[in-house]
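Asks: Quick one: the structure is below, questions incoming.
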Amino acid sequence: MRNSKSQQLRISLAQEAARLMYEEGVKQYFTAKQIAAKRLLGRSYGKKIRFRPKDLPSNGEIQASLSQLVQLHESDTLPYRLFAMRIIALETMYELKPYSPCLIGSVSTGQIRQGSDIDLHIFSDSLEELLIALDKQEKNYQLAEVSIQKNSKIMLYTHIYLNNIFPIELSVYPRNEIRVVSRSSTDGKPIIRMKPHAVETILQQEHETEWIEYLSSGVLKGYRN
C-alpha cells in the first residue's frame, strides 16, 4: 500500500471512528477503531482487504476528527456548557474535599461534547466511610467495579456515578496512589489532575465574565432556576 493510500486510509478510519463516538455513542477509542475498520475495510468483491496495524489511526487522530465534529455541530452552545460543567465539577470537589478530589479528562482540557461527563479522581482507604459521606449529602449514585491494567496487572477500582445536572464519574483510589500518575489513552502523556484551586484559576482565565456573574448570583443560567 503506497504512502498516499495509507494516509488516506488513516484519515477515513479516523473520521469514521470519530463519527461512531459522536453519533452512535461508542465510548472507547479502541472499540470505535475496530468497528470503523470492519465497516470501511471489510470485504471488496468477495476478498478481504489487508491492512497493516500502522495504517490504523492513533487515538489522537480520532480525537482530532472528533473535535472537528463537535465544533461543526456544537460551536454555539459549547463555551457556556463547558463553563457550567467546570462549575459543577468545582462544587462537587468542594463537597468531597476530605477525599483530595482532582478533575481530569475533557472538562479539564476543554474538549467536551454533548453527552460528556465530569471525571473526578478521589482518594479514600475506606469505601464505607465514603459512601456514608455521600449518603449524608443525599447524593443519588450507583457503584461499579472497573478493571484497569497497571504495570501488566489487572487492578479493580470502584467507580461511583453521581446523578447531577451533568453526569459525574468518581474514580476511587487508595490514598497511597495519590501521587501515582497514569497516562492518557489519547496521547500517552501523563494525565493532569487539577485540584480545586487550579479549576478556579481556569474559570477566571477562560470564563472571566461568566465566573464573575456566577460569584455574584450563585446561579448557572440555563441550568438552574
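Asks: Per residue of segment 4-17, what does 6.51 cos²θ - 1.76 cosθ + 1.60 with θ = phi - 60° give for ³J(HN,Hα)? Whole Hz please, x for Gly and Pro, Karplus curve as stated.
Replies: Once θ is set to phi - 60°, the couplings for segment 4-17 become 4, 5, 4, 5, 5, 4, 4, 5, 4, 5, 5, 5, 5, 4 Hz.
Asks: Now for a different question. What ³J(HN,Hα) values, in whole Hz, does the Karplus curve 6.51 cos²θ - 1.76 cosθ + 1.60 give for segment 114-128 when θ = phi - 60°, with x put for Gly and Pro?
Replies: For segment 114-128, the Karplus curve yields 4, x, 5, 10, 9, 9, 10, 9, 10, 10, 7, 8, 9, 5, 4 Hz.
Asks: While we're here: Add +1 for every Lys or Arg and -1 for every Asp or Glu among the other residues with Cβ under 15 Å from the Cβ of residue 31, and state the total.
Replies: Numbers: positive: 19, 27, 33, 38, 39; negative: 16, 23, 24.
Taking every Cβ under 15 Å from that of residue 31, the sum is +2.
Asks: Shifting gears a bit: Would you please calculate the Kirkwood hydrodynamic radius of the chain over all C-alpha pairs and express it in Å, rounded to one decimal? Kindly include the intermediate steps, with their values, before the conclusion.
Replies: On the way: mean 1/r = 0.0509 Å⁻¹.
Every distinct Cα pair counted, the radius reaches 19.7 Å.
Asks: Tell me what the chain gives for mean residue ellipticity at 222 nm when only DSSP H runs of n ≥ 4 count, each as -39,500 (n - 2.57), the sum divided by the residue total, rounded to 500 deg cm²/dmol.
Replies: Details: 8 runs with 102 residues, N = 225.
Rounded to the nearest 500, the figure is -14500 deg cm²/dmol.
Asks: Give, rounded to the nearest 20 debye, the magnitude of the charge dipole that segment 78-217 has about its Cα centre when Lys and Arg contribute +1 at Cβ and Asp and Glu contribute -1 at Cβ. Write out the running numbers ahead of the final one.
Replies: Values: 14 positive and 18 negative charges, 116 e Å.
So the dipole magnitude of segment 78-217 works out to roughly 560 debye.
Asks: Using only alpha carbon pairs under 8 Å that are at least six residues apart, calculate the relative contact order of the chain and give it in whole percent. Before the final figure, lay out each step's value.
Replies: Values: 256 pairs, mean separation 38.5, N = 225.
About 17 percent, as a whole number.
Asks: Of 112, 123, 42, which is farthest on the positive side of the dipole of the chain, counting Cα position, with +1 on Lys and Arg Cβ, -1 on Asp and Glu Cβ, and the Cα centre as origin?
Replies: Farthest towards the positive end: 42.
Asks: Next up: With springs only between Cα atoms under 10 Å apart, run a GNM on the chain and tell me which of 105, 188, 60 wobbles the most.
Replies: Highest fluctuation of the listed residues: 188.
Asks: Something else now. In the structure displayed, which of 97/189; 27/221; 5/33 lie more than 25 Å apart, Cα to Cα? Display every interim value, and only then the final one.
Replies: Working: 97/189 27 Å; 27/221 29 Å; 5/33 18 Å.
Listed pairs above 25 Å: 97/189; 27/221.
Computed from the coordinates by the stated procedures, all read-outs in this text should not be read as laboratory data. Computed from a predicted structure; not experimentally measured. Every residue, glycine as well, gets a Cβ built from its backbone with ideal geometry; the counts of neighbours run over all protein chains shown.
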